[in-house]
Amino acid sequence: MTDRAFAVVRAGALTTVQDLGRPGHAHLGVPRSGALDPPAARLVNRLVGNPPDAAALETTLDGCAVRPRRTVTVAVGGAPCPVTVDGRPAPWGAPVRVPAGALLNVGSAVSGVRCYVAFDGGVAVDPVLGSRSTDLLSGLGPPPLADGAVLPLGRPGAAHARVDTVPQPAPPRELVLRVALGPRADWFTAAALNTLTTRTYTVSSASNRIGLRTEGPPLERRFEGELPSEGMVLGAVQVPPDGRPVVFLADHPTTGGYPVVAVVRESDLASAAQARPGTPVRFVGAGRR
Amino acid sequence: MRALPVGEQALLVEVSDGTEAQALHAELLRRRATGSLRVREIVPAARTVLLDGLDEPRRVGAELPGWEIPPLPRRAEAVLEIPVRYDGPDLADVAAHWGVPVHEVARIHSAAEFRVAFCGFAPGFGYLTGLPGRYEVPRRATPRTGVPEGSVALAGPYTGVYPRASPGGWQLIGSTDTVLWDHARVPAALLSPGVRVRFVADTPSMDTPSRDTPPTAAPSTDPTARSR
């Protein structure tokens, strides 16, 4: 048995393997998946000398604990959280050496939702369609981490981290999402479009990797009835029959039948992934470039 | 045809019906293959084609309505044959919707030639068109919580085959052992948009027992009772 592996001691609420996803297969019904906060995933990889698309762990709120079988360099980033190695405090947002057999604990996020944990060499589960990401909508990729599971690690590359520590944005107190209206804005009343861009919503606790659900004033439609299924993009603001906007995140379905009132700028989605339930959300018109 | 902007780098191209959508999809694939269109995803659907990850969304959006879209060619490419046991629990309901005797459903369904209009719902799930319009059926009023892998099903104008067990509201008319999705296989999806398909009635012979079912056993009508 190779020692290039780690054992899961505490899986946490939801910890998945994520890289930058599997774009290019939407026509087969395959979601893009991948890290919900790609800048954070790229950064922790950079801190341990990995290529930006290496597979890391994405935790949800309460972190996770793992025991590597060989000495590894790890980096924890994304949502700020306490990090310990065998109970001793270790830095967050910086490379950390974890001796073989030591316990790396990624604690509960102090703010934000999702921490990213990179290992030098990356998590080396078998790729599916070119990606190691867990896709919770369609079940592709490895299952979410479970206590006692053992996951393989790749061989560390020759590259050395060029950074020791880097600033990372603090998770937002208020989530501001810049949107471009359309493609189905004409399915909604003028009052609804005004509501969307002037009123404040809050992040719903029903949010997940598929979508950021919101609570707030419902958007009234001009037409009832069903829209024939059509292709959906990352960041689409879909409006189900209850009228509350849902922002599509990485594991979103590739087609859907509820109208999309607007699309959030891709660069704003990382902060959406770190917004906790109850966080105020404002959709602001970004116009068109 | 109109091209609706979708965020910063995508266009939703809307046409008047499914046939036009399939023709547009074929033309978009052709243009991407020649290099004149640079786009990450081309996602056909019921009467739209989504272009996501476009290099020049504004230019393409302005030019697209002026494109000449050739009708879908009747190509001589191979037709994928999917053997089906027409033993689904909704056969009688479908026969009633169609106004035909139950045994006619298999004959009508296996006589049609299908084409994968688009995929969605799950990896490898294709929406197949090809049945004449009079054979549309509604979804079931109450979706099933468990539809077995390999179920052949109808809804609206479409036929689909469940690539794996999942909840579903389509009318189940049969089952197949053909593996629709296997990510260890290349290609992973047997059905991708544009593939032509024919369903072949697979009648278990009396002298060769099929699989693990004793030939004397009455066919089960409970889809969840089938072992896989």
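The values are calculated or read from the model by the stated rules, or taken from the named source; none is laboratory data. None of the values given here were measured: they were computed from a predicted structure. Positions of Cβ are backbone-derived with ideal geometry, glycine not excepted, and every protein chain shown enters the neighbour counts.
Quick look at the numbers
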{"item": "Some residue of region A:144-163 being among the β-branched types (Val, Ile, Thr) and at pLDDT below 95", "result": "yes"}
{"item": "Lone qualifier among A:VAL233, A:VAL247 - being modelled with pLDDT of 95 or more, in a loop (DSSP other than H, G, I, E, B) and within 20 Å of the chain's Cα centre (by Cα)", "result": "A:VAL233"}
{"item": "Top-ranked residue of region A:224-265 - restricted to ones that are charged (D, E, K, R) and more than 21 Å from B:VAL13 (Cα to Cα), ranked as farthest from the other protein chains (Cβ to nearest Cβ)", "result": "A:ARG244"}
{"item": "Filter result (among the hydroxyl-bearing types (Ser, Thr, Tyr) and free of Cβ contacts under 8 Å to residues at least 12 places away in the same chain) within region A:240-289", "result": "A:SER267"}
{"item": "Among residues of region B:36-50, those that are more than 7 Å from chain A (Cβ to nearest Cβ), farther than 11 Å from B:ALA10 by Cα and touching a Gly at 6+ places or on another chain (Cβ under 7 Å), counted", "result": "0"}
{"item": "Test result for A:GLY21, modelled with pLDDT of 95 or more and surrounded by fewer than 18 Cβ atoms within 10 Å (Cβ to Cβ)", "result": "no"}
{"item": "From B:GLU8, B:GLU27, residue being under 23 Å from A:VAL30 (Cα atoms) and within 11 Å of chain A (Cβ to nearest Cβ)", "result": "B:GLU8"}
{"item": "Test result for B:VAL161, of a type in the set (Val, Ile, Thr), within 19 Å of B:ALA111 (Cα to Cα) and within 14 Å of chain A (Cβ to nearest Cβ)", "result": "yes"}
{"item": "Restricting region A:198-226 to residues that are assigned to a strand (DSSP E or B) and touching a helix residue (DSSP H, G or I) at 6+ places or on another chain (Cβ under 9 Å), the residue that is nearest to A:ARG173 (Cα to Cα)", "result": "A:VAL203"}
{"item": "Identity of the residue in region A:250-262, of a type in the set (Gly, Ala, Ser) and part of a loop (DSSP other than H, G, I, E, B), that ends up farthest from B:VAL49 (Cα to Cα)", "result": "A:ALA250"}
{"item": "Spans of strands (runs of 3 or more DSSP E) in region A:1-91 with at least 2 residues more than 28 Å from B:HIS183 (Cα to Cα)", "result": "A:5-10, A:64-68, A:72-78, A:83-85, A:88-90"}
{"item": "A:GLY49, sole failed condition from (1) under 17 Å from A:CYS115 (Cα atoms); (2) more than 14 Å from every other protein chain (Cβ to nearest Cβ)", "result": "(1)"}
{"item": "Residue that is nearest to B:THR203 (Cα to Cα), among those in region B:91-121 that are within 14 Å of another protein chain (Cβ to nearest Cβ) and of a type in the set (Gly, Ala, Ser)", "result": "B:ALA117"}
{"item": "Answer from B:GLY53, B:GLY88, B:GLY61 - the residue that is within 9 Å of another protein chain (Cβ to nearest Cβ), among the small types (Gly, Ala, Ser) and either under 30 Å from A:ALA286 (Cβ atoms) or touching a strand residue (DSSP E or B) at 6+ places or on another chain (Cβ under 6 Å) (or both)", "result": "B:GLY53"}
{"item": "Listing of strands (runs of 3 or more DSSP E) fully contained in region B:5-114 that carry 3 or more residues being farther than 30 Å from B:VAL200 by Cβ and aliphatic (A, V, I, L, M)", "result": "B:10-14, B:48-54"}
{"item": "Meets criteria (among the basic types (Lys, Arg) and over 28 Å from A:PRO172 (Cα atoms)) for A:ARG70", "result": "yes"}
{"item": "Answer from A:GLU215, A:GLU224 - the residue that is surrounded by fewer than 18 Cβ atoms within 10 Å (Cβ to Cβ), out of contact with any Pro (no Cβ under 7 Å at 6 or more places or on another chain), modelled with pLDDT under 95 and not small (Gly, Ala, Ser)", "result": "A:GLU224"}
